[in-house]
1. Mind putting a number on the dipole of the range 326-419 about its Cα centre? Charges go on the C-beta only, +1 for Lys and Arg and -1 for Asp and Glu, and I need it in Debye to the nearest 20.
2. Using only alpha carbon pairs under 8 Å that are at least six residues apart, calculate the relative contact order of the range 21-311 and give it in whole percent.
3. Out of the range 369-415, which trypsin sites (Lys or Arg not before Pro) are coil in DSSP terms and have no more than 13 other C-beta atoms within 10 Å?
4. Pick out, in residue order, every one of the trypsin sites (Lys or Arg not before Pro) in the range 207-289 that is DSSP loop and has at most 13 other C-beta atoms within 10 Å; say none if there are none.
5. Under 12 Å Cα to Cα from residue 313, which aspartates and glutamates show up? Leave out anything in the same chain fewer than 8 places away.
6. Need the C-alpha centroid separation for the range 220-277 versus the range 1-30, integer Å.
7. 7 Å from Cα along Cα→Cβ at both residue 257 and residue 2: what's the point-to-point distance in nm?
8. Can you tell me the orientation of helix 335-350 relative to the chain, as the angle in degrees between its alpha-carbon axis and the longest Cα principal axis, to the nearest 10?
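Nothing in this text is a laboratory measurement; each read-out follows from the coordinates by a stated rule. Because the structure is predicted, anything quoted here is derived from the model rather than measured. A quick note on method: Cβ atoms are made from the backbone with ideal geometry, for glycine too, and the neighbour counts reach across all protein chains shown.
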Amino acid sequence: MKQSKLFTKTSKTLPKDEVSLNSQLLLKSGFIDKEIAGAYSFLPLGHRVLNKIINIIREEMNAIDGQEIMLTALQAPATWEPTDRWDDEKMDVWFKTELKNGNQLGLAPTHEEPLTKLMKKFINSYKDLPVFAYQFQTKFRNETRAKSGILRTREFIMKDLYSFGRNQQDLDEYYERAKAAYVKIFDRLGLGKITYVTFASGGTFCKFSHEFQTLCEYGEDLIYINEEKKIAINREIFTDDIISEFGLKREDFVEKKSIEVGNIFKLGTKFSDALGLHYVAENGERFPVVMGSYGIGPARTMGTIVETCNDEKGIIWPKNIAPYHVHIISLGKEDTIAAESEKLYNLLCANNVETLWDDRPNVNPGAKFADSDLIGCPIRITVSSKNLENKQYEVKRRAGGNAEFIPQENILAFLANELK
């Protein structure tokens with residue numbers, strides 16, 4: 001992408017009500033745009049990052065036998081009434097509307113009920129099990145107050161995976177596979193070292209669950225960590241009874257702020273009982289299907305990465321989800337600078353190095369460097385007259401360190417090593 005063709009621009013001004021770091025940096029760098037409180041548009045740079053996060057999650061879901069689907073956002077009351085979750089007193093985040101014929105509809109905040117209902121068409125026998133279905137789908141939640149930028153919004157993409165098995169053993173085995181897949185996802189997203197599998201309440205779904213909590217000083221959650229045993233417990237269940245089950249004491253833990261980036265639940269037969277999802281076993285008896293659910297918010301994860309990967313100049317993207325691998329900065333208006341920059345740009349693109357080229361002719365060097373730091377691509381290559389005289393490029397890593405001068409003929413080998 002040539003930056004002169006990129007319709008988005010960096011900005012120095014922000015909406016007055018944006019106080020979270022992730023929204024400030026993403027808005028200033030032109031990754032997102034605020035439509036209303038709790039709803040953001042993803043612009044070209046932000047959409048590239050979001051899609052890379054989604055693709056990493058998709059690869060790991062496919063690796064544990066997930067089958068991708070997409071359910072509808074529009075929901076009829078009849079699907080939700082058997083579990084009593086159409087009732088606003090039981091689930092108070094519904095966006096509801098009316099059709100022209102007077103019938104009520106809702107915008108789905110989650111999809112346990114509709115997918116359970118769908119599976120009644122396909123699961124009849126033990127031979128049809130297990131099934132693991134997932135989707136990336138827009139959810140709508142009528143939060144009282146949207147806050148924290150893209151960490152808590154009213155409209156957001158959710159990856160929700162659901163498992164359908166014969167018994168508790170099926171559920172337990174898949175639950176561990178999903179947990180391991182989540183650990184791998186956050187490793188690949190650059191959050192592995194600061195993300196903890198956290199013992200937590202199961203809310204209305206089950207007694208206990210596991211959350212994936214990323215340490216962040218601006219996080220809204222509190223967790224208690226034992227580093228030696230790599231055990232983390234959410235504050236809401238940090239009781240002496242729970243602590244003792246791990247063979248530890250309160251003083252063995254330290255309190256940390258965190259952001260929840262994923263969660264997994266053992267649903268059991270809560271939804272299959274209510275909606276009549278049963279299967280016939282080998283002996284002819286009918287049993288309810290045993291379910292689990294496993295969620296990650298890709299945009300919420302993106303916001304968490306920004307909250308934890310930044311400095312005073314801007315965002316520092318992990319290399320595998322950065323909008324582009326390399327940001328070329330052309331300094332000077334000479335024809336030779338433009339020609340050499342374009343030659344380098346074409347070389348990198350031809351070798352599958354994702355490249356953003358700041359070819360803007362009327363922007364001063366300081367502004368170009370400031371924009372580059374704000375956008376946060378992993379590698380910056382500067383093309384200038386002095387460097388061309390020495391047949392080299394000035395290369396700087398966004399994550400820090402001194403600039404290096406790489407001979408022009410060695411640039412591909414250098415990048416291959418940096419970006420592997």
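1. 180
2. 21
3. Loop-located and lightly packed - 391.
4. When the trypsin sites (Lys or Arg not before Pro) of the range 207-289 are filtered for loop state and at most 13 Cβ neighbours within 10 Å, 207, 229, 230, 249 remain.
5. Excluding near neighbours in sequence, the set is 371, 373.
6. The range 220-277 and the range 1-30 have Cα centres separated by 36 Å.
7. Those two pseudo-labels are separated by 4.5 nm.
8. 30
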